[in-house]
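Notes follow once the structure below has been shown.
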Amino acid sequence: MVERLYRKIDISKKAELFWQVFAKDLLSKYLNTMLSPADKLIIPVVFPVCYIPLITRYYWINGAYNRLWKRYMNAATTYPFLRLVPSFIKGRMAIDGGAVDCIPLYPLLKKETPFGAAEEPDVILVLHFDARYDYRKTFKTDIPVLDLDVSYCNEFSKAHYDFSGEEMERRLQKSYEYGKSVGRRLFSEDKTREQMQAAVNEIFIEEHAARQQSFSIDRLVTILNVISKAFRRDTNCMKKLF
């Protein structure tokens, strides 16, 4: 579904893309297309929403479709310069949770989840941090965390606003090849926790130097994760919409 939506955009000019996203509410239209009353999530999904002034909540969705999903996920994709009309939930202005926590590892590393005591994952794949951000300074965990940046396999293309059909076809193909390569290195055989960490470290070292040489917009917002530490101590920050 996500792949079909990317292929459908077919916009190559920055001005046209901004107009469609800001004035024509392109994100909401695509989100509405992606979510259907017939949906049933087998794998739980969690996403952050930030309420003004800077209160973060993490929302879990799972199981049969809930009509609230669209409302909260619309808020989670709202930035003031990307939406003409802001989102409000229960009378509070709500924006993309990345404004305060653009690296939402916290819900995945908690021992308790809305589903009860959680079994530890073998590895967490993240797309993506600022290459200069070290999650280990904030999160103490033995779970291997692999920070991936698809821009790496696309030679850090500067045409960020080019969503033309031809360009998207090229990027998607490169991304598939990249994903298969990473998958083979991580999951082609059973691994112990130590072996998985070694494989994660190997991929990280190969890519990290190249990624640091390329500017990432994420570098401008990772400072906000320092602020969000206080909000992550809030025992009520986890919510479920199912």
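Things to note:
- Here the gap between residue 178 and residue 16, fully extended at 0.36 nm per residue and compared with their Cα-Cα distance, gives a gain of 55.4 nm.
- Over region 28-95: Rg over Rh, Cα atoms, Kirkwood Rh: 0.97
- Annotation note: trypsin sites (Lys or Arg not before Pro) in region 1-110 located in DSSP loop regions with a Cβ neighbour count of at most 16 within 10 Å are 13, 24, 67, 90, 110.
- Whole-angstrom Cα spans of region 3-65 along principal axes, big to small: 37, 35, 16
- Potential lengthening of the chain between residue 190 and residue 141 amounts to 15.5 nm, from the contour at 0.36 nm per residue minus the alpha-carbon distance.
No lab work stands behind these numbers, since they all come straight from the coordinates. Quick caveat: nothing in here was measured; it's all calculated off a predicted structure. Note: ideal-geometry Cβ built from the backbone for every residue, glycine included; neighbour counts use all protein chains shown.
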